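> Sharing a structure here in structure tokens format.
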Amino acid sequence: MPLRHDPGHLLAAFASRSTPAVTWYSADERTELSGAVLARWVAKTANFLVFDAGFAPGDTLFVDLPPTWRAFVWAHATWLAGGAVTFREIDDPDVILTDRPEAWAETSGDVLALALPALAMSYDGELPPMVSDANAEVMSAADQLGAMPPLDPTAIALAGPNLRYADLDELLDGGSAQRLMIRPATNHELVRQLASQLLAGGSIVAIDRDFAGDCAAVATQEQALPLRDPCR
């Protein structure tokens, strides 16, 4: 039976939306992405993984980042490519996406360095040998999603807990058409919450862990419903 929440369905759920899909408040900036802009970033990242990085079904990408909207982009792109994403360290991931490339200089996997600011077009800093600039690589990828590998429902989609693609229906259920405010403690939480909201026609206002502003004022300004006390 076809999956209700396969990666292509998730992309279609927000690709045509001109309204905000995610609004991110960090210590330094407010970043707002419409559904269409978010979909373009997902498509460019998936194209880079499949056509430039040689990422194949069954490969695993470790997201070694603090909570960030970019984690959703890379997780969704990984699913479109038929691979597995993990948000915690596991043995021998094929690709490591990190904002601290110096920590992975001795790894055997491919390392991609990612700068987190919304307008970063390249990694700001010296890269260790054999580490690629994820920002620059994705910027040069095509905007339109290319032909992705066929989906295997029995393949692992989320490594660590080892959830298969067939499990995504259950994982990504539970969203609403509301605009919710959250303060995600992990990228796993962020990706699950944002994906389920987008599938249900809603959106997310996410407060970065380093944000020191008035969360109640943000909720009022963004007309967002706090899922729980976002400043707790």
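The values are calculated or read from the model by the stated rules, or taken from the named source; none is laboratory data. What you see is a predicted model, and the numbers here were worked out from it, not measured in a lab. When we count neighbours, we look across all protein chains shown, and the Cβ atoms used for this are built from the backbone with ideal geometry, even at glycine. All accessible areas refer to the heavy atoms of the entire protein, side chains included, with ligands and DNA or RNA removed. Shrake-Rupley method; radii C 1.70, N 1.55, O 1.52, S 1.80 Å.
> Of all residues in the stretch 170-183, which are touching a strand residue (DSSP E or B) at 6+ places or on another chain (Cβ under 6 Å) and assigned to a loop (DSSP other than H, G, I, E, B)?
Gln178, Arg183, listed by residue number.
> Continuing with the same structure: Which is within 24 Å of Ser26 (Cβ to Cβ), of a type in the set (A, V, I, L, M, F, W, C), more than 14 Å from the chain's Cα centre (by Cα) and at pLDDT 95 or above, of Ala77, Ala56, Ala142, Ala136?
Within the list Ala77, Ala56, Ala142, Ala136, the selection yields Ala136.
> Ok, one more. For the stretch 80-95, check the following and say yes or no: at least one residue is free of Cβ contacts under 8 Å to residues at least 12 places away in the same chain and charged (D, E, K, R).
Start the filter on the stretch 80-95 by keeping residues that are free of Cβ contacts under 8 Å to residues at least 12 places away in the same chain, which leaves 91.
Of the ones still in play, those that are also charged (D, E, K, R) are 91.
Yes, some residue in the stretch 80-95 is free of Cβ contacts under 8 Å to residues at least 12 places away in the same chain and charged (D, E, K, R).
> Whether any residue in the stretch 124-131 is among the hydrophobic types (A, V, I, L, M, F, W, C), surrounded by 16 or more Cβ atoms within 10 Å (Cβ to Cβ), free of Cβ contacts under 8 Å to residues at least 40 places away in the same chain and outside any loop (DSSP other than H, G, I, E, B) is what I want to check.
Checked the stretch 124-131: at least one residue is among the hydrophobic types (A, V, I, L, M, F, W, C), surrounded by 16 or more Cβ atoms within 10 Å (Cβ to Cβ), free of Cβ contacts under 8 Å to residues at least 40 places away in the same chain and outside any loop (DSSP other than H, G, I, E, B).
> Would you call Arg88 in a loop (DSSP other than H, G, I, E, B) and within 17 Å of Leu190 (Cα to Cα)?
So Arg88 passes the test.
> Hey, another quick one. State which residue pairs qualify: first residue in contact (Cβ under 8 Å) with a residue 12 or more places away in the chain and inside the stretch 142-168, second residue aromatic (Phe, Trp, Tyr) and in a strand (DSSP E or B) in any location, beta carbons under 9 Å apart, and separation of 6 or more residues or different chains.
Ala159/Phe62
> How about the stretch 162-188: which of its residues are of a type outside the set (S, T, N, Q), open to solvent by less than 20 Å² (accessible area, probe 1.4 Å) and touching a helix residue (DSSP H, G or I) at 6+ places or on another chain (Cβ under 7 Å)? Lay out the reasoning, then the answer.
Here is the first cut: in the stretch 162-188, the ones of a type outside the set (S, T, N, Q) are 163-175, 177, 179-185, 188.
When the remaining residues are screened for being open to solvent by less than 20 Å² (accessible area, probe 1.4 Å), the result is 165, 168, 172, 180-182, 184.
Residues satisfying the conditions are Leu172, Leu180, Met181, Ile182, Pro184.
> So in the stretch 17-36, with the set limited to residues that are free of Cβ contacts under 8 Å to residues at least 60 places away in the same chain and among the hydrophobic types (A, V, I, L, M, F, W, C), which one is surrounded by the fewest Cβ atoms within 10 Å (Cβ to Cβ)?
Ala36
> Now, a different point. Look through Ala120, Ala147, Ala157, Ala142 and report the one residue that is of a type in the set (Gly, Ala, Ser) and not in a loop (DSSP other than H, G, I, E, B).
Result: Ala157 is the single residue among Ala120, Ala147, Ala157, Ala142 that is of a type in the set (Gly, Ala, Ser) and not in a loop (DSSP other than H, G, I, E, B).
> Does the stretch 37-47 contain any residue that is over 13 Å from the mean Cα position of the chain (by Cα), touching a residue at least 24 places away in the same chain (Cβ under 8 Å) and crowded, with 21+ Cβ neighbours inside 10 Å?
yes
> Still on this structure, please answer the following. In the stretch 189-215, what residues are open to solvent by less than 70 Å² (accessible area, probe 1.4 Å) and part of a helix (DSSP H, G or I)?
Scanning the stretch 189-215 gives Glu189, Leu190, Val191, Gln193, Leu194, Ala195, Ser196, Gln197, Leu198, Leu199, Cys215.
> Does Leu112 qualify as being within 18 Å of the chain's Cα centre (by Cα) and part of a strand (DSSP E or B)?
Judged against the criteria, Leu112 is a match.
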